[in-house]
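Below is one structure, written out as structure tokens; comments come after it.
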Amino acid sequence: MHVTEGFEANTQGTLNELAVREFHDALSRDEEVAFAVAAIMALTAVIKRSRQAAAGVRGCMLRRTADATTLMGVSKELEDAAQALQRVNPTNISLKAGCELFLRYTTRTSALELKDIETAKARLIERGLHFAETSTRARQTIAELGSRFIRSNCTVLTHGYSRVVLRLLQQAFSSGLQFSVIVTEGRPDGTGITMAKKLDAENIPVTLVLDSCVAYIMDRVDMVLTGADAVVENGGIINKLGTYGIALAAQAASKPFYVAAESYKFARLYPLGQADLPEERKPLDVGPMLPPRANVINPSRDYTPPQCISLLVTDLGVLTPAAVSDELIQLYL
């Protein structure tokens, strides 16, 4: 192995470790930061460190190598770091989508035409930071747009815990609107209890119901508002298990079903049904009385098709499900 080849391998390994460390640091600093935004911050750090690595190559009087000193090399470093991040949580769809969008955004730039590698990298860093800032502001943008759908004295049904839904409801309540929220318990991890606690802390009237109670209480609901793990190409969503059942109940009762989702959750996926989802399971305690030969099915999420969704409130604007494919094309061009 050449000395430079060993340096390049060590450098990429260091960059991957840096990305994973920055990712975990971002999540630990702020419990409200989304996985995708933490990944975007980590990949921006990789570009910054890449500049230092390139300087290290020259400082050691080694030849200029593709991995350290060309934009193709920078792109390869980012792709490798993004793969390292995705290995942290292989089934997290929004993490994968965030990495893909960041790579498209940062490399789709006139910086690629610059001959000065340092100037080009500085431009990529600027774009990376801008993308991270835009992604961080996404929830507030959605809250401002979506709060207009909340009417005085209405009852909103939401499912489990969603940071963007919480921000939207906080925005509506702070504007002086009086409304109440019904939250499902969100089994198997009980995230609805977290949502109920946070709403109660804001003095927003909240009622917790069993997941199986949704159809029973739908007549008391004026609208359904959920988050999404991912928004897919046909305008449908992948979200916490039970979302599809709630959407069907809302449709049967002629109640609007709204989705609040950040654009970094737009994913290049086209599921035709539940079997097409990436498999993810969470621990489920069914108690000691389960017969030993009985099987347990405990997926953590399901797919809600676009025909069940009224509108999607995103940081790109309020979209119909049919408009999502056009937005995805623009994001990934």
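The values are calculated or read from the model by the stated rules, or taken from the named source; none is laboratory data. As the structure is a computational prediction, the values presented were derived from the model and not from experiment. For neighbour counting, all protein chains shown are included, and Cβ atoms are generated from backbone atoms with ideal geometry for every residue, glycine included. In case anyone asks, the SASA skips ligands and DNA or RNA and just uses the protein heavy atoms, side chains included. Shrake-Rupley method; radii C 1.70, N 1.55, O 1.52, S 1.80 Å.
Electrostatic tally near residue 202: other residues with Cβ closer than 14 Å to its Cβ, Lys and Arg +1, Asp and Glu -1, net +3. Here's the picture: a label point sits 7 Å out from the Cα of residue 276 along the beta-carbon direction, and within the range 228-260 the residues with their amide nitrogen under 15 Å of it are 230-239.
Counting only heavy atoms of the protein chains, get the accessible area per residue of the range 197-315 (1.4 Å probe) and round it to a whole Å² value. Intermediate values should be presented prior to the final figure.
Details: 6060 Å² over 119 residues.
Roughly 51 Å² per residue, with all protein chains present.
Solvent-accessible surface (1.4 Å probe) assigned to residue 255 amounts to roughly 50 Å². If the label point is 7 Å along Cα→Cβ of residue 174, which residues in the range 129-148 have backbone nitrogen under 20 Å from it? Residues passing the 20 Å test: 133-148. Going by accessible surface with a 1.4 Å probe and the largest first, 43, 210, 290 read 210, 290, 43. Local charge sum around residue 237 (other residues, Cβ-Cβ under 13 Å, Lys/Arg +1, Asp/Glu -1)? The answer is -1. Of the solvent-accessible surface of the range 114-270, computed with a 1.4 Å probe and all protein chains present, 49% belongs to carbon and sulfur.
Quick one: net charge of residue 19's neighbours, Cβ under 10 Å, K/R +1, D/E -1?
Details: positive: 21, 49; negative: 17, 22, 77, 80.
Charge balance near residue 19 sits at -2.
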